[in-house]
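*Asks:* The structure's right below; bear with me while I get my questions together.
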Amino acid sequence: MAVVGILGMTHDEEMQKKYNFPLSRLEKLIEEFKPDVICGEVHPSSWELYLQTGEPLGILRETQNEYPQLIFPLCREKGITFVPVNWFEEDVFAEGPFDQYDPEMKAKLEKELQSWNDKKLSAWNEGKIPFNSFEYDSITNEMYDWLHSVNPNVQNIVWNARHNIMAARVKNAAKKYSDKRILCIHGADHNYWYYQSLKAEEGIELVYPLK
């Protein structure tokens, strides 16, 4: 049975400083988990580009900094297998959730989204690892349910379809590396979806939060 850990983080370097989650802490958490495999929020084509050319930022320069700065080198150093699990299609990710609305309504919705983000961040320290708690995840889930009610067409693509594919890639990795320790690293807003998708999956012993 594969042991699968979920580890969410913030990609923003200023927020990493503010919320006590620098890359040094991420590195320590990875080393404590001792993964054989890391499933990362990297597009498979961006991973192939990195392997072939050394370009670390991805096909759209979308790969987050923690990968070239820490995770890719750490995988090389420790012999950890890296599995890219992100998904997007450039031509259907251009529309924002509020673009269909007039300027006045768009401004109102953007203000409401900021309130949701403030509420979510108020739970940043509920667990032993910043952003990794069921309290944080519950608010995050509510926020994305609200975004879906505002524009289901966009959210069904950029969030729901994306997550179904990402979770499927993690499940495939768990089948391929069925006796290994697998650590999923991604933005913390993905935690709740990963947990809901993997908690009852046969062949997976899920670890969340990591501590």
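The values are calculated or read from the model by the stated rules, or taken from the named source; none is laboratory data. Just so we're clear, the structure is a prediction, and the values are computed from it rather than from any experiment. When we count neighbours, we look across all protein chains shown, and the Cβ atoms used for this are built from the backbone with ideal geometry, even at glycine. In case anyone asks, the SASA skips ligands and DNA or RNA and just uses the protein heavy atoms, side chains included. Shrake-Rupley method; radii C 1.70, N 1.55, O 1.52, S 1.80 Å.
*Asks:* Which whole number in µm²/s is D for region 69-211 by Stokes-Einstein, with the Kirkwood Rh taken over Cα pairs at 10 °C and 1.306 mPa s?
*Replies:* Using the Kirkwood radius from Cα pairs, D works out to 93 µm²/s.
*Asks:* Express the carbon and sulfur contribution to the solvent-accessible surface of region 90-211 as a percent, rounded to the nearest whole number, probe 1.4 angstrom.
*Replies:* C and S fraction of accessible area: 47 percent.
*Asks:* Tell me the per residue accessible area of region 41-183 using a 1.4 Å probe; a whole number in Å² is fine.
*Replies:* That works out to 54 Å² per residue.
*Asks:* Among the trypsin sites (Lys or Arg not before Pro) within region 56-89, which fall in a DSSP loop and have no more than 13 other Cβ atoms within 10 Å of their own Cβ?
*Replies:* Those that pass, being in a loop and sparsely packed, are 61.
*Asks:* Defining a contact as two alpha carbons under 8 Å apart and six or more residues distant in sequence, what relative contact order in percent does the chain show?
*Replies:* 42 percent
*Asks:* If I model a spin label at residue 117 and residue 179 as a point 7 Å from the Cα along the Cα→Cβ vector, what separation in nanometres do I get?
*Replies:* 4.6 nm
*Asks:* What nm distance separates the two modelled labels at residue 105 and residue 78, each placed 7 Å from Cα along Cα→Cβ?
*Replies:* 4.8 nm
*Asks:* Shape verdict for region 4-92, please, from the Cα gyration tensor: rounded (a/c under 1.5), prolate (a/b greater than b/c) or oblate.
*Replies:* oblate
*Asks:* Next question, about the same structure. For region 49-158, which GluC sites (Glu not before Pro) are in a loop by DSSP, counting at most 16 other Cβ atoms within 10 Å?
*Replies:* 62, 89, 95
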